[in-house]
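Shown next, in structure tokens, is the structure this report addresses.
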Amino acid sequence: MGKWTRRAFITTGVLSGGALIIGVAIRPGNRADKVKDLIAGEGDTVLNIWLKVNADNTITVIVPHAEMGQGVHTTLPMMLADEMDADWKNIKMLEAPGNKEYANYAMGKGFLMGPKDIPSILIGTVDGFFLTATKQISLQMTGGSSSVRFTGMFAMRVAGAAARSVLLEAASEEWEVAAEELVVKNSTISHPASNRMAPFASFVVKAANLSQPAKPRLKTSEEFTIMGTSPPRFDIPSKVDGTANFGIDVVLPNMKYAAIKASPVFGAKAKPLEASAIKDMPGVHKIVNLEGAIAVIADGYWLAKKAINTLPIEFDKSDHDTVGLNDIYDKYLRDMDSAIAEGNEEKDVKKGSIKDIFKEATNVIQAEYRVPYLAHATMEPMNCTALVKEDGCEIWVGSQNPLGFANSVAEVLDMDTEKVLVHNQYLGGGFGRRSVPDVAIQAALIAKEVDYPVKLIWSREDDIRQDHYREANISRFKASLNDKGQISAWNNQFVFKHDPEEAPHIPYGVENQFIHYTNSETHVPWGYWRSVDSSMHAFFTESFMDELAFKANKDPYQFRRDHLTNAPRFLKVLDLAAEKANWGEALPARWGRGISLHQSFGTIVAQVAEIEIVDDQLKVHRVVCVADPGYAFHPDGFTAQMESGIVFGLTAALYGEITIENGAVKQSNFHDYQMVRMHESPKIETYIVTSDNWPGGAGEPSTPGIAPALANAIFNATGIRIRELPVKNHELKADSKILG
Amino acid sequence: MKLNINNRILEVDVDPATPLLWVIREQLELTGTKFGCGIGQCGACTVHLDGQPIRSCLTPVQQAIDKEITTIEGIAPNDNEWHIIQEIWIEEQVPQCGYCQSGQIMSVHALLTNNTSPTDKDIDEAMSGNICRCGTYPRVRKGIKRAAATLAAASNTIKGNNGEVD
């Protein structure tokens, strides 16, 4: 990955060396003065800069997202290069610096507006609104499976097409021929009639002075030459020889290392230690008392860690010292009950009248599901290196949200955000965890006490016990079936609602629905966890669908089909999954198949899991995954993300369990927070369905569906209905098979 | 103390109880070897001692004296060539976040040194100590089989040539 100098990116136009930089405002033209005032500070430009054409005709694409293995450093340049008709062999990538010039307006717009076209009358205000919002929260976030969907579609493709357009115009002027007679291919422009040909670079000076089209024509998918192919990812060679620089790999002159011990009970304060407590520890330099933690700076991490383990660190009592997971569940249930009793449920979906239906219904089914807290456990434990001087601070970290980190650090150091420079590194796993700036704040506060850079590393124990967790949740269902075996009413209550909006919604045609939730605050910190709310709701709704199918005496696949008559896109995905998984073909004894269907982040995914109970142990043999993301811009990368999400979701389904005891997390490392390993990893087959829909995400949508597919397969093999994850807590007896 | 790492003799001055991992990363500044768990559970810190895969987070540096230490930085035949495993890892696009891959590759390297036709069960046994949170297991398995086939073909060629010479 190339490196930025601090000022290199702020200018636009022709740089020394003849490079053309194309900046594309997200909504060119038609901005009210008021909007300008909102988005542009003194000396700022509202242009976002996405590419430069270098003097040697290579093209550098600037990507405002972090690489955490999802391939975004390759896929986004592909989108730009294709629209530009650039030569893929001569494309370079540079990650945008953590600077507000790169605040991700495209993503903000995507989240607020989705793929809808903004009515022209609203352009000024809507742009003003979302630009303000994104600026305020400093959105340069990588998450929400959003990079391709929003940055790629709103910024990269537009920037590439706009660049092509001005280069073409420049060539047309230079050669005094009509633009229509010119051919653009592989970063060159040619005029076949006069047999002339020249590289992009020879037109950049002229092109930089031309105004870019506000709405350049984008290619149709039939015209793509790079999008839809799978070139090798740029980041991979450095990840096979140890040269990739992750946050934890930063080496700086005079750098020292810090270890930390934070309060096991979230929110409790640490009792400050005297500076002299380390006087007999050679190589250990300083104790830093933070509010909820104590840190030690030493010559090496191991020395720092040894010191922190030896020091008599104590924490104040807190109100949460006796809280356990069951107390939290009890509180959820109390809050859920009282919300119903008082009629103040937060309404999510309300259709028809479930009350009328339930009054008459004879076949009513109820069930309650639970999932525990989950930690992220990225392979690279949390870490951050900081150097704090009077006039500014630099931090080196792998972040999903570099601007947010800069803001948070600036705030605790009481500095202007402009004085905090974030050097973003590769992320050794993100999954949402690296959007929280907690470790960067700690590193800055520790480094503030000394005049050299400090690398703070969390141990795996810190990482598991100081996470921001996927919440524990309870989901209660009540549904009725009519005499044709169709669902006539669907009532679903759970706690909390974050993202994505559609997580608890069902694609099935049910006329009467009431989906509602209740907030029930706890002291356990919440955080985005791969697929967020969908990570639990797919398990809830798709397991309950299976229960209904069983009660209706129908095949679970057919039962779903029967409720999808008005949802052809879902039906197509489901049908293909069933076909590829040989649904309906007999399995040996003790084997089972389970199916699931769920949409999240704009991508519809159906999965079929095939399992066996061997000596009362579960073996997951095969997972068939069919996904409709609209269009897969890098099919191999998309497939890799489906595989990845399934293994991630399988770990959660089989083993994932963070429990709270005495206010603190009980688990600490991979021996008691288990991961799926090679020998448990199933064969995964992925099939991509292309449709004309707005592109959906890749990083998250396959995680939700594996838990219900698995639980439904267990039911198919054993008759045991898993209503609480993880599966490891259930005794699975193959001989209890009750199904034919 | 003197360490033989990737065929270079380097001098370090540390507490002999320091885990080899931190000496490799901090004193020798070879950061390809990763810290993952500190308790030998995840395999991110896998290096070779005299060709055997070990967990460097649990191995005191004193146990590495007078032994050959090999890290991810030391497996390629030279600066301009990849090791066959690395080459196949790129072709199969195995890594995602990439953080565990140094450890994965070192475990694969040890497996294939002793066994050029590993069965799925052999792969399970050799690789179950390496956690990948991105779930690259299917591609790691495929990569191992391809690398094994390539190595086996190369070794047959050498045997065949020897046969002719004899």
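Read-outs throughout are calculated quantities, based only on the coordinates presented, and are distinct from any laboratory measurement. Keep in mind that what you see is a predicted model, and the values were worked out from it rather than measured. With ideal geometry, Cβ positions are generated from the backbone for all residues, glycine too; neighbour counts draw on all protein chains shown.
Okay, here's what the table says:
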{"read-out": "Exceeding the 23 Å Cα-Cα cut-off - candidates A:K256/B:K67; A:K239/A:K728; A:K239/B:K142; A:K271/A:K448; A:K317/A:K728; A:K347/A:K666", "value": "A:K256/B:K67; A:K239/A:K728; A:K317/A:K728; A:K347/A:K666"}
{"read-out": "Antiparallel bridges, percent of DSSP beta bridges restricted to the range A:382-537 (to nearest 5)", "value": "55"}
{"read-out": "Of B:D13, B:D50, B:D120, the one that fluctuates the most in a GNM where chain B has Cα springs shorter than 10 Å", "value": "B:D13"}
{"read-out": "GluC sites (Glu not before Pro) lying in DSSP loop within the range A:504-552, provided at most 10 other Cβ fall within 10 Å", "value": "A:E521"}
{"read-out": "Cα gyration tensor shape of the range A:535-736, rounded if a/c is under 1.5, else prolate or oblate by comparing a/b with b/c", "value": "oblate"}
{"read-out": "Ordering of A:577-589, A:251-263 by packing [mean C-beta count within 10 Å, highest first]", "value": "A:251-263, A:577-589"}
{"read-out": "Relative contact order [Cα under 8 Å, 6+ residues apart], chain A, whole percent", "value": "13"}
{"read-out": "Percent of beta bridges antiparallel (DSSP, chain A, rounded to nearest 5)", "value": "75"}
{"read-out": "Mean projection area, nm², convex hull over Cα of the range B:2-74", "value": "4.0"}
{"read-out": "DSSP-assigned coil residues among trypsin sites (Lys or Arg not before Pro) in the range A:587-653, each with at most 12 further Cβ atoms within 10 Å", "value": "none"}
{"read-out": "Ellipsoid equivalent to the protein assembly as shown - semi-axes via the Cα gyration tensor, in Å", "value": "40, 38, 32"}
{"read-out": "Qualifying GluC sites (Glu not before Pro) for the range A:363-418 [loop in DSSP, other Cβ within 10 Å: at most 14]", "value": "A:E390"}
{"read-out": "Förster-model FRET efficiency, 25 Å R0, A:K580 and A:K551, C-beta, rounded to 0.05", "value": "0.35"}
{"read-out": "Helix-derived mean residue ellipticity, 222 nm - over chain B, DSSP H n ≥ 4, -39500 (n - 2.57), to 500", "value": "-11500 deg cm²/dmol"}
{"read-out": "Cross-link reach list, aspartates and glutamates versus A:K554, counting only Cα pairs under 17 Å and skipping chain neighbours closer than eight places", "value": "A:D483, A:E542, A:D546, A:D562, A:D575, A:E585"}
{"read-out": "Whole-Å distance, taken between Cα centres, linking the range A:658-716 and the range A:363-439", "value": "22"}
{"read-out": "Helix-derived mean residue ellipticity, 222 nm - over chain A, DSSP H n ≥ 4, -39500 (n - 2.57), to 500", "value": "-8500 deg cm²/dmol"}
{"read-out": "Spherically averaged projected area in nm², based on the convex hull that wraps the Cα atoms of the range A:600-665", "value": "6.9"}
{"read-out": "Unit charges on C-beta of K, R, D, E only; dipole of chain A, Debye", "value": "480"}
{"read-out": "Max mean-square fluctuation residue, GNM over chain B, Cα-Cα springs under 10 Å, options B:K121, B:K145, B:K67", "value": "B:K121"}
{"read-out": "Max mean-square fluctuation residue, GNM over chain B, Cα-Cα springs under 10 Å, options B:S107, B:S56, B:S155", "value": "B:S155"}
